[in-house]
1. Under the convention of a label 7 Å out along Cα→Cβ, give the distances in nm from A:Gly314 to the same position in every other copy, shortest first.
2. To the nearest 10 degrees, how steep is helix A:154-164 against the longest Cα principal axis of chain A, on a 0 to 90 scale?
3. When DSSP beta bridges are limited to those with both residues in the protein assembly as shown, what percentage is antiparallel, rounded to the nearest 5?
4. From the Cα gyration tensor of the range B:37-81, with a ≥ b ≥ c the square roots of its eigenvalues, which class applies: rounded if a/c is under 1.5, or else prolate if a/b is larger than b/c, or else oblate?
5. Taking the label point as lying 7 angstrom from Cα along the Cα-to-Cβ axis, what are the distances from B:Gly261 to the corresponding position in the remaining copies, in ascending order and in nanometres?
6. Got the relative contact order for the range A:1-155 handy, in percent, Cα pairs under 8 Å and 6 or more residues apart?
7. Using a basic spin-label model with each label point 7 Å from the Cα along Cα→Cβ, how many nm lie between B:Arg108 and A:Ala120?
8. So what are the ³J(HN,Hα) numbers for the range B:274-290, from phi and the Karplus equation (6.51, -1.76, 1.60; θ = phi - 60°), rounded to whole Hz, Gly and Pro as x?
Number of protein chains: 2
Amino acid sequence: MRIGVFGGGAWGTALASLWAATGHAVILWARDPQTVAAINEHHENPARLKGINLDNGLAATADPARAADCDAAVIVVPAQALRRATDMLAKHLPAGIPVVLCAKGIERETGLLMSDVAGATLPGHPIVALSGPSFAADVARGLPTAVTLAAADAALAADLARRLSAPHVRLYASGDLVGVEIGGAAKNVLAIACGISDGLGFGASAKAALIARGFAELRRFALARGADPETLAGLSGLGDLVLTCSGPQSRNMAFGMRLGGGMGVAKALAAGGGICEGAATAPVLVRLAENAGIAMPIAAAVDAVIAGRTDVRGAVESLLSRPLPTREN
Amino acid sequence: MRIGVFGGGAWGTALASLWAATGHAVILWARDPQTVAAINEHHENPARLKGINLDNGLAATADPARAADCDAAVIVVPAQALRRATDMLAKHLPAGIPVVLCAKGIERETGLLMSDVAGATLPGHPIVALSGPSFAADVARGLPTAVTLAAADAALAADLARRLSAPHVRLYASGDLVGVEIGGAAKNVLAIACGISDGLGFGASAKAALIARGFAELRRFALARGADPETLAGLSGLGDLVLTCSGPQSRNMAFGMRLGGGMGVAKALAAGGGICEGAATAPVLVRLAENAGIAMPIAAAVDAVIAGRTDVRGAVESLLSRPLPTREN
């Protein structure tokens with residue numbers, strides 16, 4: 001296949017290199033000319049995947065038209081930048097080419113899922129979501145990884161999953177686009193709470209309890225939006241939540257750890273390079289949940305911390321010592 | 001309350017000290033006279049919770065009759081030793097006193113859950129299970145922890161959960177004894193697979209995928225036995241699975257890491273002091289699943305590794321690269 005990857009971050013670069021190595025013709029579009037030059041001349045992305053040799057067959061470009069001349073377009077930009085990317089692609093992408101979305105979040109101003117944003121801005125293109133537990137560095141180093149590829153058209157998902165799988169990176173097809181997208185969006189918010197707990201020194205038991213209770217609220221919200229419970233308990237829901245909460249390699253977890261360690265919100269965001277998907281998604285996720293009458297106490301606590309309405313210790317302690325119900329859910 | 005705690009391991013000691021500190025009259029029965037003496041004279045359990053000061057009010061004894069003179073008996077012995085403990089208690093425990101089980105496993109010879117073993121050997125005593133994500137050291141250090149207390153009699157579970165909770169250790173009541181027990185038993189087996197993956201150097205993405213797929217098979221098995229899906233996604237199922245797989249502080253995870261690192265089964269078991277709940281439970285869990293026609297590929301791989309029927313690398317690689325289904329579950 002000819003694959004256009006849009007976005008020169010760690011994950012976009014790792015995927016582009018992976019697919020080039022498995023025999024696809026891949027062109028990576030990146031905004032930053034230095035990244036483009038480094039990939040083309042040195043087969044490296046020093047700003048985002050330092051020290052990892054990229055496949056020699058991977059080409060980079062700053063010209064979206066060149067990358068858009070493809071059989072599948074893969075968009076790997078932050079969630080809040082998706083609309084800008086799809087607006088750009090709309091001018092270049094041939095009709096009917098499938099678009100694979102890797103961003104995990106909810107558009108802040110509109111409350112739309114990524115597939116809704118792409119569907120509105122790229123009419124006529126089948127929309128696919130790639131999501132699951134995957135650190136870019138693991139994929140780039142050849143470590144085994146399993147993720148989900150979802151589309152409303154399950155046959156398309158199955159076909160693309162087969163073509164885009166590699167020996168060490170397996171893509172599993174799903175027809176549950178909404179379930180995959182909500183799992184990815186919500187887990188980033190919940191990971192901030194787990195990071196705060198770690199940053200406060202609360203221990204592994206507390207974090208495990210937060211993950212279990214966080215998964216319960218992710219599941220409640222997603223089921224209300226029509227997700228399949230099997231999806232939520234799978235790679236793209238539970239698996240990704242667990243990975244994101246496993247340590248500071250996740251930006252969202254690292255952001256929470258800085259908050260838990262006493263850093264202010266603005267400074268903690270800036271220390272992460274300004275991109276924290278969960279911080280952007282928290283307020284809109286909580287608003288959507290409130291409008292639907294769904295309890296998401298952990299997401300709400302994260303939102304309250306980010307908005308400065310509560311302090312981190314009070315927020316996490318209250319989550320772990322709520323009044324005793326007769327059942328835990 | 002007067003509480004008799006039976007078992008002088010790390011978890012029994014931590015619980016006994018916690019309850020003594022919250023005002024209960026607690027007597028800890030331990031088999032080892034040195035442990036009894038160290039707790040009574042130095043308020044410490046140097047063999048199992050080294051360096052942690054236990055509550056001064058905690059008394060220890062090697063006389064089961066003395067600890068059995070209580071309002072609630074809490075048994076904290078390895079799963080395969082439960083029957084010996086309940087046989088011992090049957091001679092001493094006053095009629096009708098509730099028995100709280102902390103062991104997580106399935107009796108190897110009989111295939112019985114812990115509550116079935118206790119129910120058969122302690123007739124007339126209400127059986128309760130305490131389970132959830134909790135490292136003994138976290139509880140002993142005062143770090144926040146949330147666990148589940150389950151009984152067929154939900155009102156009893158609610159009453160005991162209220163009495164046995166402490167400010168930093170919250171017990172949540174459940175009426176789903178089977179769900180709580182199976183979650184605890186199966187997660188130890190699955191943690192061995194995660195440990196093998198870590199021991200092989202397979203990375204965080206692989207482990208997260210194994211946790212998600214492991215949870216799916218735990219859930220399948222437990223639902224077939226009548227468990228409530230909410231229990232499985234809660235503290236005692238998912239929460240405990242996540243904690244156990246989080247690092248070598250878990251004996252099961254540590255055992256798997258040694259296997260993944262190339263150590264033989266016998267040596268890896270011995271290096272963990274001979275107790276690895278998951279290794280004892282794996283064959284019986286897999287047998288029960290096979291008899292019920294339930295697919296548990298991860299548990300089966302762990303069983304095959306322990307029985308010497310497959311090597312660790314082949315076992316884990318096959319789990320992460322199974323043929324592509326059209327849906328991931």
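The values are calculated or read from the model by the stated rules, or taken from the named source; none is laboratory data. Since this is a predicted model, take the numbers as computed values, not measurements. A quick note on method: Cβ atoms are made from the backbone with ideal geometry, for glycine too, and the neighbour counts reach across all protein chains shown. With ligands, DNA and RNA removed, areas are computed over all heavy atoms of the protein, side chains included. Shrake-Rupley method; radii C 1.70, N 1.55, O 1.52, S 1.80 Å.
1. Spelled out, the distances from A:Gly314's label point are 6.0 nm.
2. 70 degrees
3. 20 percent
4. Numbers: a/c = 2.11, a/b = 1.33, b/c = 1.59.
In terms of gyration-tensor shape, oblate.
5. Shortest to longest, the spacings are 2.8 nm.
6. 22 percent
7. Each label point lies 7 Å from its Cα, and together they span 6.1 nm.
8. For the range B:274-290, the Karplus curve yields x, 10, 9, 3, x, 5, 6, 7, 3, x, 6, 4, 5, 5, 4, 5, 4 Hz.
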